Amino acid sequence: MKAYSTDLRERAVASVESGECNIPQAARRYQVSEPSAERWLAKYRKAGNCAPLPHAGGPARKLATAQAAIRAAVKAQLDATLEE
């Protein structure tokens, strides 16, 4: 699932910080969950921003150790089948 945009996060936090609404109202207004709005507000108050963290990268590739050998074999014989 993609992270919510920084713009949406900032608008939700700004509406709570300005006193315009409380967290449950902001969550309904911006159609996000209350725990998400609470986390964004806590992060904003602690770090000064509510931007999402960068992508962690996902699981490691299973054939990473053999990648060079596989590429060399494919380059040597471009039309080889899997059985070959």
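The values are calculated or read from the model by the stated rules, or taken from the named source; none is laboratory data. Just so it is clear, the structure is predicted and the values come from calculations on it, not from any experiment. Positions of Cβ are generated from backbone atoms using ideal geometry, with glycine treated the same way; all protein chains shown enter the neighbour counts. Surface accessibility is based on the protein's heavy atoms, side chains included, excluding ligands, DNA and RNA. Shrake-Rupley method; radii C 1.70, N 1.55, O 1.52, S 1.80 Å.
The residue of region 56-77 that is farthest from Ala3 (Cα to Cα), among those that are of a type in the set (S, T, N, Q) and open to solvent by 80 Å² or more (accessible area, probe 1.4 Å), is Gln77.
Go through region 16-36 residue by residue and tally those that are part of a loop (DSSP other than H, G, I, E, B) and either in contact with a helix residue (DSSP H, G or I) (Cβ under 7 Å, 6 or more places away or on another chain) or not hydroxyl-bearing (Ser, Thr, Tyr) (or both). Full working, then the answer.
So the first thing to find is which residues in region 16-36 are part of a loop (DSSP other than H, G, I, E, B), and the list is 18-22, 30-33.
Now narrow it down to the ones that are either in contact with a helix residue (DSSP H, G or I) (Cβ under 7 Å, 6 or more places away or on another chain) or not hydroxyl-bearing (Ser, Thr, Tyr) (or both): 19-22, 30-33.
Residues meeting the conditions: 8.
Please verify whether Val13 is aliphatic (A, V, I, L, M), assigned to a loop (DSSP other than H, G, I, E, B), surrounded by 10 or more Cβ atoms within 10 Å (Cβ to Cβ) and at pLDDT 90 or above, treating the condition exactly as stated.
Numbers: aliphatic (A, V, I, L, M): yes; assigned to a loop (DSSP other than H, G, I, E, B): no; surrounded by 10 or more Cβ atoms within 10 Å (Cβ to Cβ): yes; at pLDDT 90 or above: yes.
Against the criterion (aliphatic (A, V, I, L, M), assigned to a loop (DSSP other than H, G, I, E, B), surrounded by 10 or more Cβ atoms within 10 Å (Cβ to Cβ) and at pLDDT 90 or above), Val13 does not qualify.
Within region 20-42, the set of residues being out of contact with any Leu (no Cβ under 7 Å at 6 or more places or on another chain), over 26 Å from Gly58 (Cβ atoms) and either open to solvent by less than 60 Å² (accessible area, probe 1.4 Å) or hydrophobic (A, V, I, L, M, F, W, C) (or both) comprises Cys21, Pro24, Ala26, Ala27, Ala37, Leu41, Ala42. Of all residues in region 43-55, those that are open to solvent by 80 Å² or more (accessible area, probe 1.4 Å) and either of a type in the set (A, V, I, L, M, F, W, C) or in contact with a strand residue (DSSP E or B) (Cβ under 9 Å, 6 or more places away or on another chain) (or both) total 1.
Of the residues making up region 37-84, those that are outside any helix (DSSP H, G or I), within 30 Å of Val16 (Cβ to Cβ) and not aliphatic (A, V, I, L, M) are Gly48, Asn49, Cys50, Pro52, Pro54, His55.
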